[in-house]
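Notes follow the structure.
The values are calculated or read from the model by the stated rules, or taken from the named source; none is laboratory data. Quick caveat: nothing in here was measured; it's all calculated off a predicted structure. Here Cβ is always computed from backbone atoms with ideal geometry, including for glycine, and neighbour counts include all displayed protein chains. These accessible areas exclude ligands, DNA and RNA; they are computed on the full protein's heavy atoms, side chains included. Shrake-Rupley method; radii C 1.70, N 1.55, O 1.52, S 1.80 Å.
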Amino acid sequence: MSSEPFENVVARHGPLVLRVCRAVLGPGAADDAWSETFLAALRAYPALRPGSNVEAWLVTIAHRKAVDQLRAQARRPVPAGDLPEQRPARDGVPGGWEADLWAALRALPEKQRMTVAYHHLVGLPYAEIAALVGGTPEAARRAAADGIAALRRSYLTEEDAS
């Protein structure tokens, strides 16, 4: 167990941890990663062995927290903006972009179509999708990614992509 009070550790290493967070994330999200670093460190600090390199330990935690935030940012949805106007329905079939999207979805191979629908429309995790369609969670993730890529290629026009 470490003998130095945790508040002294924060005071001494806080600026270094903030620099690490800013180096990975930039100034905007660095404060959150800094806070998460010291929250995690506070929980683990009592079990830290005497003589441990506290600075290196904190830098490792800060790096991991910053990378976690980068990954979370990459998963956040991007606003789509204004949707195009819908064409009137023909014979009970939706018109406009809905019809185009459903046609593009139907054109996907079965596993891609099912994994895209189950994950992006229903919200199921890949492990549950794998149990439903067969295969591994990694294969389900790959099929969904391939399906989304195919939808982007076939459904989006050049104007939509820019």
List the residues whose amide H sits under 5 Å from the amide H of Leu48, counting only those 5 or more places along or on another chain, with H placed 1.01 Å from N in the peptide plane. Ser2
Counting only protein heavy atoms and leaving out ligands, DNA and RNA, the solvent-accessible surface of Arg71 at a 1.4 Å probe, in Å² to the nearest 10, equals 140
Based on the mean of other Cβ atoms within 10 Å per residue, sort peptides 75-81, 9-15 so the most packed one is first. 9-15, 75-81
Gap in Å between the Cα centre of region 44-59 and the Cα centre of region 1-27? 12
Full-extension gain between Thr136 and Arg75, please, as 0.36 nm times their residue separation minus the C-alpha to C-alpha distance. 19.8 nm
Let me spell out the model: positive unit charges on the Cβ of Lys and Arg, negative unit charges on the Cβ of Asp and Glu, origin at the Cα centre of region 15-77. What dipole size does that give, in debye rounded to 20? 180
